[in-house]
Each structure stands twice: as C-alpha cells, then as structure tokens.
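The values are calculated or read from the model by the stated rules, or taken from the named source; none is laboratory data. Quick caveat: nothing in here was measured; it's all calculated off a predicted structure. Heads up, the Cβs are rebuilt from the backbone with ideal geometry, glycines too, and the neighbour counts pull from every protein chain shown.
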C-alpha cells in the first residue's frame, strides 16, 4: 500500500490517492459543513471507474473522474450522500446501485432510478475488480459497505479495504438518532459482519472524516455497545 496515503482530506482541497494492488482509490471531500467523503475507484487495467457517494459538487466529481464514471454506488438514503447524484448521472450515464431497502427513498429524493438493487453478498464490478456488498442495517435500513480484498503480489502484500458509508467510523458506529432497536441492529451487524470476519489490518474508509483500521477500533467495541451509540 502507498506509505504516503493518510486518508486526510478537506472539503474542496486536493484529493488523496492510494494505489492498491489492482485498484486505485481517490478520496475527495465535499461541502465544508457536512464534510462528506466521495471515493472514486479506478481499475488500472480497463480505466473503468466507480464512484461511491455522489455527495455534493457534481462539477468537481465529474472533473475528478475526467467525465468517466461507469457506476455510482450510493451507500445509503440520507440526503447528504446523494445531493450530486442527478447531475452526475445526467452527464456520465452510469449504472446506479444502492441497497434494496433504501433504493426507493433515494429515487424519491433525487429523481434518479436505481439500476441495480443489491443486498448482502452481492458483487459489484469496476473493470476487472470485484467488490463485495456487506449490508449493515441500523443507520438506515439499506446501508451498504463495499469490500475490496486486495490480492498479494511479489512486491506488495494484499489487505482488505472496506468502504463503510456512515455505518462505521473511527470511534464508533453511525448515528441511530436515539433509536435503541436501530442501534442494537447496527452494533450487532458491524460486529458480526465486519469485525468477526475481517482481520485487524483491514483499512476502512468512512463517509465523513479520517480513515482507520479494524485493529485500531476493535478493542472499543464493548465500550460502544455499553454506551449505546
């Protein structure tokens, strides 16, 4: 992995670029108030590109991608993660993907039809690269994460990379707005579908703020569960 990549970006500032084995990740932050992270994933073999969350500033996202976006994945239905979706789709004509339980709400808010509704274990392709959908309900019913299992090469070992939307952040899971049942669902699914399955070296990329690894957060799971948020 790139030793210079930190995952630190500021809205409207320079993107952070990471060259993985088989995939390039470009992280870009938009909107000074919400500080959403958008992730452009590029297959270096084919040049095809996938955008995770057209959150805001369509012109900047289109420029960042050189106008080539083959797929847009919206991680969940909240308004701050799809404000630029309609404008990005109008220019780039991508496939549009979302978790099935959130799809209708995204269309209602944006006017954009969902091309493909996905669930846990489904696969999403960008060029020659496959990403696995991990459904994690609680923040919203249809929130999804995307997992890239980086292959090892003779030069660089591979690691797991997880794009978590607003389901998991450094320091805790996503907001559940005082809903105890939603929190129980979210913390249970984050623990069983992410922490119980993936190793400490897994790097995760959230919908806002800086990145982290599962190893850095794992010991805090009991604290998160006990505090209820």
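Structure summary
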{"item": "Verdict on residue 14 being over 14 Å from the mean Cα position of the chain (by Cα), outside any strand (DSSP E or B), at pLDDT 95 or above and more than 27 Å from residue 106 (Cα to Cα)", "result": "yes"}
{"item": "Check on residue 183, crowded, with 21+ Cβ neighbours inside 10 Å, touching a strand residue (DSSP E or B) at 6+ places or on another chain (Cβ under 9 Å) and part of a strand (DSSP E or B)", "result": "no"}
{"item": "Residue satisfying all of: in the stretch 23-43; touching a strand residue (DSSP E or B) at 6+ places or on another chain (Cβ under 6 Å) and part of a loop (DSSP other than H, G, I, E, B); nearest to residue 112 (Cα to Cα) among these", "result": "35"}
{"item": "The stretch 105-118 residues that are at negative phi and at pLDDT below 95, paired with ones that are outside any strand (DSSP E or B) and surrounded by fewer than 18 Cβ atoms within 10 Å (Cβ to Cβ) (beta carbon under 9 Å, 6 or more apart)", "result": "none"}
{"item": "Filter result for residue 120 (surrounded by fewer than 22 Cβ atoms within 10 Å (Cβ to Cβ), touching a strand residue (DSSP E or B) at 6+ places or on another chain (Cβ under 6 Å) and not in a helix (DSSP H, G or I))", "result": "yes"}
{"item": "Qualifying residues in the stretch 191-216 (those that are out of contact with any helix residue (DSSP H, G or I) (no Cβ under 8 Å at 6 or more places or on another chain), in contact (Cβ under 8 Å) with a residue 40 or more places away in the chain and in a helix (DSSP H, G or I)) - the one surrounded by the most Cβ atoms within 10 Å (Cβ to Cβ)", "result": "193"}
{"item": "Which numbered condition residue 67 misses (of (1) buried (at least 17 other Cβ atoms within 10 Å of the Cβ); (2) farther than 29 Å from residue 152 by Cα; (3) in contact with a helix residue (DSSP H, G or I) (Cβ under 7 Å, 6 or more places away or on another chain))", "result": "(1)"}
{"item": "Subset of the stretch 167-179 that is more than 18 Å from residue 52 (Cα to Cα) and not in a strand (DSSP E or B) - its residue that is nearest to the chain's Cα centre (by Cα)", "result": "170"}
